[in-house]
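The block underneath contains the structure these notes are about, expressed in structure tokens.
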Amino acid sequence: MSDYDLIVLGSGPGGYVAAIRAAQLGLKVAIVERENLGGICLNWGCIPTKAMLRSAEIYHYMQHAGDYGLTAANISADIDAVVKRSRGVAKQLNQGVTHLMKKNKITVHMGDGKLTAANKLTVTKDGKTEELTAKNIILATGARARDLPFAPADGKRIWTYRHAMVPPEMPKKLLVIGSGAIGIEFASFYNDMGAEVTVVEMLDRIVPVEDADVSTFLEKALTKQGMTIMTGAGVEELKASATGVSAKIKGKDGKVVASEFTHCIVAIGIVPNTENIGLEALGVEMDRGFLKTDPMCRTNVPGLWAIGDITAPPWLAHKASHEGVIAAEAIAGGHPHAMDPKNIPGCTYCHPQVASVGLTEAKAKEAGYDVKVGNFPFLGNGKAIALGEAEGFIKTVFDAKTGELLGAHMVGAEVTELIQGYTIGKTAELVEADFMHTVFPHPTLSEMMHESVLGAYGKMLHM
């Protein structure tokens, strides 16, 4: 039996960050992982997908070299080489996490972990069992892709995100079910790589958690790129064969149309990994499979904590990491600040990119705010035009009474790098005057952030 101050079950971006912070605070820490250090995000999610999207982005630029006064001949894409590069990136970062565990003197136990009490965990590996004990245990077991109940993924023709990262071949005609971040990113990747892509979304617009103006703009941009977008639609039947996938799709007009595809990606949400880890016997409170926690990430069972995708949304890696820090600091006797969900940015790495933080314009009005809205287009920014990326806009939503920034919404080149400026502003509770009086460097894309704020108050300079 091994005894620790803290055991972390799961080594994703929530779990390994929690372990590192706890070790920095002087705790004796162990982490339990059944597959790969770094979890899904680092090995099969956030990082390798961005490597693949980068390859697709460069391929896109090569095809449009003439727009920049350049010539590129005999351009082609090798999907196997693209996948190999992405797997190499994931491997490098996996090794980085392994190094961080050693550096911080965190004991790693590989195997399946299961709670036997609030302070006890058994780890099973190759038929051998080891028992660990700790004053506190953080659950960070993450989530997996949700299957269609009538057509589970087979990895050959019907894929989850994991299959889509190591495709057996390049799809010719691809159906993507679901238009959240995962669905749209893969749709964008495979479209840029040359596949004929159809996206089916049950709700009335794509990326439905985003501001309505962003959804409308993105749909037009993706349609212009050659995608078929079907909103208010649903897949009623999906059958895989040795050569392709047959789908019956019910459109918003109520008509059902049969279509043929070579492959299908199912991106309809996640299922928390909370089964078979001993929660039921301990009486841990849950809500539709997700664990209930307080602002410090405590469950209702003393000594048992939960972070990341097994708790309330948003289900994002950076949210999990920050929760890991909060939980570790609380366990060590500190007094960390609770996290405000309205200050968590979201990013979608399609082409063009999407990023946001805070309330949409509609949600702000629903909450009773009298709002001031600024909207500045990429077309009015010198750096965007010089980059050949004059497609997109930045939208800001302010409380007309107090000047509080309620939300910011972006679509366009590199907006996933810009959104943090507004996130810092929201976290620091800055008001419109703070943004207006800040000097933004020229020429940069960030100047559009300034102009959007100015525009909300009728002071826009360059449009």
Only unsatisfied item for Ala181, checking (1) in contact (Cβ under 8 Å) with a residue 60 or more places away in the chain; (2) farther than 25 Å from Gly289 by Cα; (3) not aromatic (Phe, Trp, Tyr), is (2)
Scanning region 120-163 residue by residue, those in contact with a Gly (Cβ under 9 Å, 6 or more places away or on another chain), open to solvent by 70 Å² or more (accessible area, probe 1.4 Å) and in a loop (DSSP other than H, G, I, E, B) turn out to be Asp126, Arg146
Output for Cβ contacts, cut-off 6 Å, separation at least six or different chains, first residue within 27 Å of Thr360 (Cα to Cα) in region 320-345, second open to solvent by 20 Å² or more (accessible area, probe 1.4 Å) and hydroxyl-bearing (Ser, Thr, Tyr), reads Asn343/Thr427
Test Gly368 against the stated conditions and say whether it is surrounded by fewer than 17 Cβ atoms within 10 Å (Cβ to Cβ), within 20 Å of Leu139 (Cα to Cα) and either at pLDDT 95 or above or charged (D, E, K, R) (or both). no
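Being polar (S, T, N, Q), assigned to a helix (DSSP H, G or I), open to solvent by 10 Å² or more (accessible area, probe 1.4 Å) and in contact with a His (Cβ under 9 Å, 6 or more places away or on another chain), is that true of even one residue in region 206-219?
Residues of region 206-219 that are polar (S, T, N, Q), as a first pass: 215-216.
From what's left, assigned to a helix (DSSP H, G or I): 215-216.
Subsequent filtering for residues that are open to solvent by 10 Å² or more (accessible area, probe 1.4 Å) retains 216.
Narrowing the set further to residues that are in contact with a His (Cβ under 9 Å, 6 or more places away or on another chain) leaves none.
Checking region 206-219: not a single residue is polar (S, T, N, Q), assigned to a helix (DSSP H, G or I), open to solvent by 10 Å² or more (accessible area, probe 1.4 Å) and in contact with a His (Cβ under 9 Å, 6 or more places away or on another chain).
Would you mind stating whether Ile40 is open to solvent by 40 Å² or more (accessible area, probe 1.4 Å), part of a helix (DSSP H, G or I) and not acidic (Asp, Glu)? Write out each step before concluding.
Numbers: open to solvent by 40 Å² or more (accessible area, probe 1.4 Å): yes; part of a helix (DSSP H, G or I): yes; not acidic (Asp, Glu): yes.
So Ile40 passes the test.
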Flagged pairs (Cβ under 9 angstrom, 6 or more apart or on separate chains; first in region 425-454, farther than 20 Å from Val411 by Cβ; second part of a loop (DSSP other than H, G, I, E, B) and among the hydrophobic types (A, V, I, L, M, F, W, C)) are Asp434/Ala428; Thr438/Leu430
Only one of (1) among the charged types (D, E, K, R); (2) touching a residue at least 40 places away in the same chain (Cβ under 8 Å); (3) in a loop (DSSP other than H, G, I, E, B) does not apply to Lys239, and that is (3)
If you go through Ile265, Ile229, Ile249, the only one that is open to solvent by less than 60 Å² (accessible area, probe 1.4 Å), in a strand (DSSP E or B) and in contact with a His (Cβ under 9 Å, 6 or more places away or on another chain) is Ile265
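Tell me, which residue of region 183-202 that is touching a strand residue (DSSP E or B) at 6+ places or on another chain (Cβ under 8 Å) and open to solvent by 50 Å² or more (accessible area, probe 1.4 Å) is nearest to Lys250 (Cα to Cα)? Give the derivation first.
Applying the first criterion (touching a strand residue (DSSP E or B) at 6+ places or on another chain (Cβ under 8 Å)) to region 183-202 yields 183-187, 190-191, 195-202.
Okay, now just the ones that are also open to solvent by 50 Å² or more (accessible area, probe 1.4 Å), so 196, 202.
Working: Glu196: 20, Met202: 10 Å.
Step by step, filter region 183-202, then rank; the result is Met202.
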Counting only residues in region 103-119 that are in contact (Cβ under 8 Å) with a residue 24 or more places away in the chain and open to solvent by 80 Å² or more (accessible area, probe 1.4 Å), the one farthest from Arg34 (Cα to Cα) is identified as Lys105
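The values are calculated or read from the model by the stated rules, or taken from the named source; none is laboratory data. Since the structure is predicted, the reported quantities are computational estimates derived from the model, not experimental observations. Cβ: placed from backbone, ideal geometry, glycine included. Neighbour counts: every protein chain shown. Just the protein is used for accessible areas: all its heavy atoms, side chains included, with ligands, DNA and RNA removed. Shrake-Rupley method; radii C 1.70, N 1.55, O 1.52, S 1.80 Å.
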